[in-house]
Amino acid sequence: FVTDNRYISARLRKEVQDIVENNYPEWSFENLTPDKLTTDELISKFLETSTEEGILYFTWFNNELTGNKDLVLQTNAYRIFSLYVNTPIITINDVGLKESGMLGGSYTRFPQMMEVILQTMDEVIQSNVTGRIVYPPSPVPTFNYLAMLEHNIPLSVIPPATYLYNRPETFLEKNRTL
């Protein structure tokens, strides 16, 4: 599990580790964090990963080691990680799946989230309603079509209503005006 040392990452590590230990005791679980590994060492770990193993990715950032000098490199490192693995990388958040080569996960899509936010803001402005909890839309399975092809994952295994980045348009989608 690739994470950094921020609070949200520590919480996610604990939750994922508990899920693995309680529901999948036959699986091994390893935390990979930038205070224990450099980015080069992480890439070496990726190269050693077999196709029988999985990689779960959240984030890779360590400001303590580099100050601000490698901020752009660290925050965009996910874009190159998929180049160094033999197995798909599953992500907990939508970290630029369209251009990163990572496989995907299940996320609340940004357009649907913005729709809820704008609707809630409009309700508050129109009626001065406050104090209620607004829930985000349900997560949607989201995958990178090109990463699926690269790892020989057939489209038949994905759930219905899956959003696919980089999927070529069908003939009808291209020619809607015909």
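The values are calculated or read from the model by the stated rules, or taken from the named source; none is laboratory data. A quick note: this is a predicted structure, and the numbers were derived from the prediction, not measured. Quick reminder, even Gly has a Cβ in these numbers, built from the backbone with ideal geometry, and neighbours come from all protein chains shown. Just so you know, the surface numbers come from the protein's heavy atoms only, side chains and all, with ligands and any DNA or RNA stripped out. Shrake-Rupley method; radii C 1.70, N 1.55, O 1.52, S 1.80 Å.
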If a residue must be under 20 Å from Ile55 (Cβ atoms) and open to solvent by 70 Å² or more (accessible area, probe 1.4 Å), how many such residues does the range 140-173 contain? 5
Take the conditions among the polar types (S, T, N, Q), at pLDDT 75 or above and part of a helix (DSSP H, G or I) and apply them to Gln126. Does it pass? yes
Taking Met113 and the conditions (1) without any contact (Cβ under 8 Å) to a residue 12 or more places away in the chain; (2) farther than 25 Å from Gly54 by Cα; (3) assigned to a helix (DSSP H, G or I), which numbered condition does it fall short on, given that it satisfies the others? (1)
If you check Leu71 against the conditions, is it of a type in the set (A, V, I, L, M, F, W, C) and at pLDDT 85 or above? no
Quick check on Ile153: is it outside any helix (DSSP H, G or I), of a type outside the set (Lys, Arg) and touching a residue at least 24 places away in the same chain (Cβ under 8 Å)? yes
Would you check which residues across the range 1-49 are under 17 Å from the mean Cα position of the chain (by Cα), open to solvent by less than 60 Å² (accessible area, probe 1.4 Å) and of a type in the set (Val, Ile, Thr) and list them? Val2, Thr3, Val16, Thr33
Condition check: open to solvent by 90 Å² or more (accessible area, probe 1.4 Å) and within 24 Å of Pro34 (Cβ to Cβ). Does Leu83 satisfy that? yes
